[in-house]
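S.K.: Following this message is one structure expressed as structure tokens.
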Amino acid sequence: MTEATDITTTNSNADKPVIVPEELAEPKDASLPTELSHIELPLPKKLIGTILLDGGHVNEDDLKKALSFQKQYGGRLGSILIRIGAVSEDVLYKALSEQLNMPIISKEILPTDSKFFVECADLYDIPADWFLDQEILAWHKNEDTVFITARDPLNPYLQETLLKLIPNKVHQWWLARAQDLDRSLEHLRHSLDLNRGTVGDEISHLRELAEEAPVVELVNNTFAQAFNEGSSDIHIEPGERVFHIRYRIDGVLQNKLTLPRDRFDAVASRLKLISGIDIAERRLPQDGRLSTRISGQDVDVRVSSLPGVYGESIVMRLLPKERKSYKLERIGFAEDHLALFREWVSQPHGILLVTGPTGSGKSTTLYATLEEINTGDAKIITIEDPVEFNIQGITQVQVLSDIGFTFSRALRSILRQDPDTIMIGEIRDLETAEIAIQAALTGHLVFSTLHTNDSLSAFTRLTDMGVEPFLVASSVLGVQAQRLVRRLCQECAQPYTPDNNEVSRHIAELRSNYPKLFKGQPNFRQATGCHECQGIGYRGRLGIYELANVTKEVQDLIMAKASAKDIVRMAKSQGYRTLRDDGFIKAYHGETSIDEVLRVTGLAQED
């Protein structure tokens with residue numbers, strides 16, 4: 001097939017012999033029969049590569065590479081672009097729909113019950129296994145119209161044959177995404193009780209499955225779709241009869257695809273193979289890594305497999321190499337918080353701690369901080385596990401625990417590198433904490449993360465590790481806790497008046513305490529959902545923050561081993577506010593919703 005009539009994937013059943021009646025056999029002569037000579041197949045007005053290039057969906061280098069591959073080895077240009085990671089299936093199908101003036105079928109239109117396909121086949125006395133072999137589906141919309149979709153809907157043989165076998169009907173052809181078509185064909189196959197065989201345990205067989213074109217394209221398209229939708233993680237979770245593919249988008253898992261369980265082993269084998277994981281080991285957790293090209297961008301993927309009852313749960317974290325350049329003023333800081341944070345990072349020495357659970361944006365905050373202070377007049381060294389993003393002008397060190405190169409050992413080494421600023425990925429133990437404090441006390445500015453639920457708990461966490469209270473009080477400049485809340489979709493968010501009396505009283509108190517942060521009229525809004533946000537009601541995220549400044553009074557309380565309540569009381573008297581308080585300020589201005597703030601900060605908040 002030429003570039004102009006490209007659809008997508010390779011026929012997964014091409015090597016399976018199917019016996020069909022003579023009238024269904026594909027003619028050797030490609031010319032149209034006399035009785036069908038009136039058929040006019042749609043001719044594309046524009047080449048698919050040109051449409052993708054003009055739309056900015058593919059760059060010239062990737063297109064030339066795909067065309068060169070097509071010229072040398074043949075195949076469909078769209079399939080080649082998907083396989084090399086230049087475009088996603090969704091982008092390709094939108095371009096094909098524009099090129100061919102053929103609509104893309106949605107999950108709502110494509111039947112989930114295979115009885116509709118069987119009824120159509122039986123009505124016209126067409127063997128159902130012929131439909132499976134040709135990877136085509138047909139069903140009635142009404143008495144006059146038949147809906148048809150196929151792996152290759154422009155195949156003249158299919159169009160001619162169906163016109164002959166299903167006469168006197170309007171044939172409405174649709175483009176179907178490979179995932180949707182595969183799912184419906186699988187349902188049809190099971191309903192006919194066709195034996196597709198089972199996947200054996202032999203390693204050679206698993207490798208063969210992992211290299212099959214449909215499996216390769218499913219994995220590549222999963223990466224592309226997840227990346228295009230802004231997913232941070234892909235979860236592949238097997239069950240007893242099906243397995244699910246879920247994306248974590250804006251911190252929330254969303255189910256994107258459910259496939260039959262007997263396809264899972266091939267997908268899992270493919271992922272393990274390309275990420276360097278032992279394909280034969282299924283009983284132990286394993287970690288791997290790969291670099292790939294997704295939608296025209298280079299992306300690192302961290303892969304983790306964990307044995308479960310029904311198979312290995314596989315989670316992949318997507319780390320784009322060409323990440324967005326984050327600025328401190330764009331990640332959600334309120335005016336007073338931004339001023340205080342910049343005051344901390346401008347100090348010549350001391351420790352600045354960023355706390356929060358995994359996935360709360362700590363790394364983004366620290367990278368944005370490093371980019372702000374990276375003016376070229378100071379030596380900056382980071383110790384990370386792993387190094388997620390590369391920053392020009394900064395020395396970044398990768399921890400390798402397997403060979404004993406831990407945070408503490410790396411920290412000792414870099415102190416001999418004459419650094420001005422040090423960033424430690426995480427303070428995990430007493431040894432690392434003590435070296436970091438000594439570095440701060442000897443004239444270095446140290447940034448690090450710590451796992452605590454709020455900012456003021458960091459002092460207790462360090463003393464519980466075994467650090468002396470006077471060392472904590474004298475070295476720590478400040479502690480910031482943070483969470484990520486989802487931004488309301490600007491296209492569909494609706495005005496909203498809080499109906500929770502407790503929340504209303506809390507916000508009224510905040511307005512009284514922080515009048516400068518509550519400028520203008522309230523702009524409370526709530527999520528509704530639209531096409532732009534895929535019905536979720538949110539698009540993107542922003543941070544909510546809690547900054548604890550270590551003033552002289554707070555230092556005295558830390559050294560006196562005062563209770564957490566006493567430290568909180570003192571901090572609040574000096575302008576400290578909680579994560580929930582900061583979230584309510586952002587809800588007041590319409591950036592997020594009150595429901596989202598309560599979801600992230602919890603239903604109960606300690607006074």
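The values are calculated or read from the model by the stated rules, or taken from the named source; none is laboratory data. Every value quoted in this text rests on a predicted model; they were computed, and no experiment measured them. Glycine gets a Cβ as well: all are built from the backbone with ideal geometry, and neighbour counts include every protein chain shown. These accessible areas exclude ligands, DNA and RNA; they are computed on the full protein's heavy atoms, side chains included. Shrake-Rupley method; radii C 1.70, N 1.55, O 1.52, S 1.80 Å.
S.K.: Plugging the Kirkwood radius over Cα pairs into Stokes-Einstein for segment 417-544, at a temperature of 20 °C and a viscosity of 1.002 mPa s, what D comes out in µm²/s? If you can, show how the numbers build up before the last one.
M.R.: On the way: Rh = 18.5 Å.
Calculated translational D: 116 µm²/s.
S.K.: With a 1.4 Å probe and every protein chain kept in, tell me what percent of the accessible surface of segment 456-607 is carbon plus sulfur. Could the numbers behind the result be given before it?
M.R.: On the way: 3580 of 7670 Å².
After summing per-atom areas, the C and S share lands at 47 percent.
S.K.: With all distinct Cα pairs included, what does the Kirkwood hydrodynamic radius of segment 460-607 come out to in Å, to one decimal, could you say?
M.R.: Values: mean 1/r = 0.0586 Å⁻¹.
One over the average 1/r among Cα pairs gives 17.1 Å for segment 460-607.
S.K.: Return the Rg/Rh value of segment 223-354, two decimal places, where both radii are evaluated on C-alpha atoms and Rh is the Kirkwood radius. Show your work: numbers first, answer last.
M.R.: On the way: Rg = 19.2 Å, Rh = 17.2 Å.
Rounded to two decimals, Rg over Rh is 1.12.
S.K.: Another question, if that's okay. Report ARG412's accessible area, 1.4 Å probe, all protein chains in place, as a number in Å² to the nearest 10.
M.R.: Solvent-accessible area, nearest 10 Å²: 100 Å².
S.K.: Taking the chain as a whole, which cysteines find no other cysteine Cβ under 4.7 angstrom from their Cβ?
M.R.: So far as the 4.7 Å Cβ criterion goes, CYS120 stand without a partner in the chain.
S.K.: Based on alpha-carbon atoms only, what is the radius of gyration of segment 482-552 relative to the globular estimate 2.2 N^0.38 Å? Show your work: numbers first, answer last.
M.R.: Numbers: Rg = 15.3 Å, N = 71, 2.2 N^0.38 = 11.1 Å.
Compactness ratio reported: 1.38.
S.K.: Oh, and also: Can you tell me the FRET efficiency between GLU208 and LEU400 if r is taken as the Cβ-Cβ distance and R0 is 41 Å, rounded to the nearest 0.05? List each step's numbers first, then the result.
M.R.: Details: r = 35 Å, r/R0 = 0.85.
The computed FRET efficiency comes out at 0.75.
S.K.: Related question: At 20 °C and 1.002 mPa s, grab the translational diffusion coefficient of the chain from Stokes-Einstein with a Kirkwood Rh over Cα pairs, rounded to a whole number in µm² per second. Before the final figure, lay out each step's value.
M.R.: Details: Rh = 28.0 Å.
Translational D for this selection: 76 µm²/s.
S.K.: Quick check: residue separation of GLU335 and GLN490 times 0.36 nm, minus the Cα distance between them. What number comes out in nm? Mind dumping the intermediate values first?
M.R.: Working: separation 155, 0.36 × 155 = 55.80 nm, distance 2.24 nm.
Between GLU335 and GLN490, full extension yields 53.6 nm more.
S.K.: Which value, in debye to the nearest 20, describes the size of the charge dipole of segment 378-431 about its Cα centre when Lys and Arg Cβ atoms bear +1, Asp and Glu Cβ atoms bear -1, and nothing else is charged?
M.R.: Numbers: 5 positive and 9 negative charges, 46 e Å.
Dipole magnitude for segment 378-431 comes out near 220 debye.
S.K.: Counting other C-beta atoms within 10 Å, and keeping those with at most 14, which DSSP coil GluC sites (Glu not before Pro) do you find in segment 506-588? Could the numbers behind the result be given before it?
M.R.: Details: sites: GLU509, GLU532, GLU546, GLU553; in loops: GLU532.
Here the GluC sites (Glu not before Pro) that fit, given the DSSP loop and packing criteria, are GLU532.
S.K.: In whole Hz, with x marking every Gly and Pro, tabulate ³J(HN,Hα) for segment 468-473 from phi via Karplus 6.51 cos²θ - 1.76 cosθ + 1.60, θ = phi - 60°.
M.R.: 5, x, 5, 6, 4, 5
S.K.: Also, I was wondering about something else. Across the chain, where is the longest run that never hits chymotrypsin sites (Phe, Trp or Tyr not before Pro) in a DSSP loop with at most 15 other C-beta atoms within 10 Å?
M.R.: Values: sites that count: TYR124, TYR310.
The answer is 311-607.
S.K.: As an exercise, use a Förster radius of 60 Å and the Cβ-Cβ distance of TYR157 and LYS321 to find the FRET efficiency, rounded to the nearest 0.05. Before the final figure, lay out the partial values.
M.R.: Values: r = 45 Å, r/R0 = 0.74.
Step by step, r from the Cβ atoms, then E = 0.85.
S.K.: OK, next. To the nearest 20 debye, what is the magnitude of the charge dipole of the chain about its Cα centre, counting +1 on the Cβ of each Lys and Arg and -1 on the Cβ of each Asp and Glu?
M.R.: Details: 67 positive and 88 negative charges, 358 e Å.
Dipole of the chain, to the nearest 20 debye: 1720 debye.
S.K.: Is it possible to state the helix-based mean residue ellipticity at 222 nm for the chain, with each DSSP H run of 4+ residues giving -39500 (n - 2.57), the sum divided by total residues, to the nearest 500 deg cm²/dmol? What is it?
M.R.: Working: 22 runs with 223 residues, N = 607.
Helices in the chain give a 222 nm mean residue ellipticity of -11000 deg cm²/dmol.
S.K.: Charges at C-beta only: +1 for Lys and Arg, -1 for Asp and Glu. How large is the resulting dipole of segment 311-465 about its Cα centre, in Debye rounded to 20? Could you put the intermediate results ahead of the total?
M.R.: Details: 14 positive and 21 negative charges, 52 e Å.
Once rounded to the nearest 20, the dipole reads 260 debye.
S.K.: Continuing with this model, one more query. Which value, in Å² rounded to 10, gives the accessible area of THR258 with a 1.4 Å probe and all protein chains present?
M.R.: 50 Å²
S.K.: Full-extension gain between ARG412 and GLN172, please, as 0.36 nm times their residue separation minus the C-alpha to C-alpha distance. Let's see the in-between values first.
M.R.: Numbers: separation 240, 0.36 × 240 = 86.40 nm, distance 7.03 nm.
Additional length available on full extension: 79.4 nm.
S.K.: A further question follows. Ordering SER512, SER184 by accessible area with a probe of 1.4 Å, largest first, what comes out? Please list the in-between numbers first.
M.R.: Numbers: SER512 85, SER184 5 Å².
The most accessible residue leads, giving SER512, SER184.
S.K.: Accessible area, 1.4 Å probe, largest first: how do ARG283, ARG317, ARG207 sort?
M.R.: Numbers: ARG283 190, ARG317 70, ARG207 110 Å².
Output order, biggest surface exposure first: ARG283, ARG207, ARG317.
S.K.: Taking only C-alpha pairs under 8 Å that are 6+ residues apart, what is the relative contact order of the chain in percent? Please list the in-between numbers first.
M.R.: Values: 997 pairs, mean separation 56.9, N = 607.
Relative contact order for the chain comes out at 9 percent.
S.K.: Any idea how far apart ASP429 and SER191 come out in nm if each label point goes 7 Å out from Cα toward Cβ?
M.R.: Result for the modelled spin labels: 6.0 nm.
S.K.: ASP377: accessible area at probe 1.4 Å, nearest 10 Å²?
M.R.: 130 Å²
S.K.: Additional query: Residues with amide H under 5 Å of GLY590's amide H, sequence separation 5 or more or different chain, H placed in the peptide plane at 1.01 Å from N; which?
M.R.: Those qualifying (amide H under 5 Å, at least 5 residues apart or on another chain) are ASN523, ARG525.
S.K.: Turning to a different aspect of this structure: For GLN297 and ALA378, FRET efficiency with R0 = 41 Å and r from the beta-carbon atoms, rounded to 0.05? Could you put the intermediate results ahead of the total?
M.R.: Numbers: r = 31 Å, r/R0 = 0.75.
Efficiency, rounded to the nearest 0.05: 0.85.
S.K.: At 1.4 Å probe size, with every protein chain present, just tell me what the per residue accessible area of the chain comes to in Å².
M.R.: Details: 29500 Å² over 607 residues.
About 49 Å² of surface per residue is accessible.
S.K.: Show LYS572, LYS561 ordered by accessible area, largest first, where the area counts protein heavy atoms only and the probe is 1.4 Å.
M.R.: Values: LYS572 90, LYS561 155 Å².
Reading off the accessible areas and sorting them downward yields LYS561, LYS572.
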